[in-house]
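Okay, so here's the structure we're looking at.
The values are calculated or read from the model by the stated rules, or taken from the named source; none is laboratory data. On a predicted model such as this, the values are computed, not experimentally measured, just so you know. Note: ideal-geometry Cβ built from the backbone for every residue, glycine included; neighbour counts use all protein chains shown. The accessibility values were calculated without ligands, DNA or RNA, using every heavy atom of the protein model including side chains. Shrake-Rupley method; radii C 1.70, N 1.55, O 1.52, S 1.80 Å.
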Amino acid sequence: MLIGCHGLTQGADRCSSTFLRVTKHYLPHLARLCLISTFLEDGIRMWFQWNEQRDYIEATWNCGYFLATCFVLLNLIGQLGGCVLILSRNFVQYACFGLFGIIALQTVAYSILWDLKFLMRNLALGGGLLLLLAESRSEGKSMFAGVPSMGESSPKQYMQLGGRVLLVLMFMTLLHFDSSFFSVSTDNMHQCPSLPTKKVL
């Protein structure tokens, strides 16, 4: 019996080693794509809903046609440009700081501070950027974005911890608690998390 379990364990180890060896060149890119997918989707939507976004900003802030256009253009270029830099692994830290700025700008422009659900989603997006920043600090030492390894410096570990904690907020916004005791409904789990521009359209 013990011999059979030992053989099964060795077989599982060989399979996992083979899987990691084959996919180690693709999984880091897939991890980065997942972490920035919301920015990528929102930047593309800015392009296709240009007029609606511009009109909303102009009507909400009475800032005029030119400033509203500049706001939408900044969001579009900032998000798509940041995503391209992160996926190509060029100037990752600057790209993350730029996306942090986009989050802060949209938080103010769309009055997210007063909407707890969208505020938590924005914090979760910041958590994903923290994981990307931590991963870029030791490029080549870790196989996966945001996965810790031995011998890391304390600042990177704190950034990864903060990123994971903030990412949990994304899933908390998808849970709806009923009035009954210990009853949780996840009927809105199918909703795709997005940046706050969906709220205004």
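So here's what we get for this one:
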read-out: Qualifying residue in segment 72-84 (condition: open to solvent by 30 Å² or more (accessible area, probe 1.4 Å), modelled with pLDDT of 90 or more, more than 27 Å from Asp55 (Cβ to Cβ) and not charged (D, E, K, R)); value: yes
read-out: Odd one out for Glu139 among (1) open to solvent by 70 Å² or more (accessible area, probe 1.4 Å); (2) under 21 Å from Tyr94 (Cα atoms); (3) at pLDDT 70 or above; value: (3)
read-out: Among (1) open to solvent by 50 Å² or more (accessible area, probe 1.4 Å); (2) within 20 Å of Arg137 (Cβ to Cβ); (3) not in a loop (DSSP other than H, G, I, E, B), the one test that Asn90 misses; value: (3)
read-out: Residues (without any contact (Cβ under 8 Å) to a residue 12 or more places away in the chain and either exposed (fewer than 15 other Cβ atoms within 10 Å of the Cβ) or not in a helix (DSSP H, G or I) (or both)) located in segment 24-57; value: His25, Tyr26, Leu30, Cys34, Phe48, Asn51
